[in-house]
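Here the structure comes first, spelled out in structure tokens, and everything after it is commentary.
Since every read-out is calculated from the coordinates, none of them should be taken as a lab result. All values derive from a computational prediction rather than experimental measurement. With ideal geometry, Cβ positions are generated from the backbone for all residues, glycine too; neighbour counts draw on all protein chains shown.
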Amino acid sequence: PLEIDGHNMNQILEALKKARDFKGKPTVIVAHTIKGKGISFMENNVDFHGKAPSAQELETSLKELE
């Protein structure tokens, strides 16, 4: 498998390019990620995995990602 930092766009694009080179067999890309990365109250907080943020949480999140 191809292992990458799932938060690094360059690594993602490079892995996709490499995956296309594997002919005739399936390719696996393992992207290591952190849930909620970059948002102070969401990072590694399982309470936000699969849960929509409130309007206030969304506003705060977008500000933190700027």
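Some observations on this one:
- Within segment 10-66, being outside any loop (DSSP other than H, G, I, E, B) and of a type in the set (Asp, Glu) holds for Glu14, Asp21, Asp47, Glu57, Glu59, Glu64.
- Across segment 1-46, the qualifying residues are those that are in contact (Cβ under 8 Å) with a residue 24 or more places away in the chain and among the hydrophobic types (A, V, I, L, M, F, W, C), and the one among them that is surrounded by the most Cβ atoms within 10 Å (Cβ to Cβ) is Ile4.
- Applying the condition of being of a type in the set (A, V, I, L, M) and loosely packed, with under 10 Cβ neighbours inside 10 Å to segment 47-64 and asking which residue is farthest from His7 (Cα to Cα) yields Ala55.
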